[in-house]
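Shown next, in structure tokens, is the structure this report addresses.
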Amino acid sequence: MYRNYRRGSDTVESNAALLNALSADVNISEDFITDADVYSFSKTPDLAHNPSTELVADATRFYGTAPVAFDSYFEFLNGWTDRDGTELELVFDRDLLDSVLEHYDAEFTELRSHSGVDLLVTDESFSHAVWVVENAQETHAGLTIYEDGAMRANLLASSDRAVLWAEQEYQRYRDAATPIGTGD
């Protein structure tokens, strides 16, 4: 028990600046922090996405929140959802959806056209992405921290308790969301 406490304390201490970028309403569980591997590169922040991209590439199901969008996200997700047997569910905040429809309408329309894709929108705003990725062997949870639209860090965890926290955090946003219709 002490070892877990110490590891969680070390994770918080060494990543305090990253965690402080989260809005005050985000309550990260100790279980998630204790288990999390932190990926953050100040000069090459896109590299922090590599571990999660590798997890999703081999996954059958991916669900989470979407506070920001990059062209590369659509390219990757459209290729991934084009495979048989994949399931994607994303909750966009309203501001992001408006921006996506303005700047990435064709890519978004393509994503919506794939079977197994459910896209939702909420009026809640969030500065982070919380997500869960599943494959036949295992489930992983992630928290991606953004600041002013730029990615600061990616935290990945796979313990049952960490995944449970991510599922519950995601469900909180999903419960406040509605399916994106053709009029959105």
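Values as computed for the structure displayed
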quantity: Per-selection Kirkwood Rh - the stretch 78-147 (Cα, Å, 1 d.p.); calculated: 13.6
quantity: Cα centroid separation, the stretch 48-88 to the stretch 140-178 (Å); calculated: 14
quantity: Asp37-Arg61 pseudo-label distance in nm [points 7 Å out on the Cα-to-Cβ vector]; calculated: 2.3
quantity: Distance in nm between pseudo-label sites at His114 and Asp98 (7 Å out along the Cβ direction from Cα); calculated: 2.8
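No value in this document is a laboratory result; all are computed from the given coordinates. Keep in mind that what you see is a predicted model, and the values were worked out from it rather than measured. So basically every Cβ, Gly included, is an ideal-geometry build from the backbone, and we count neighbours across all protein chains shown.
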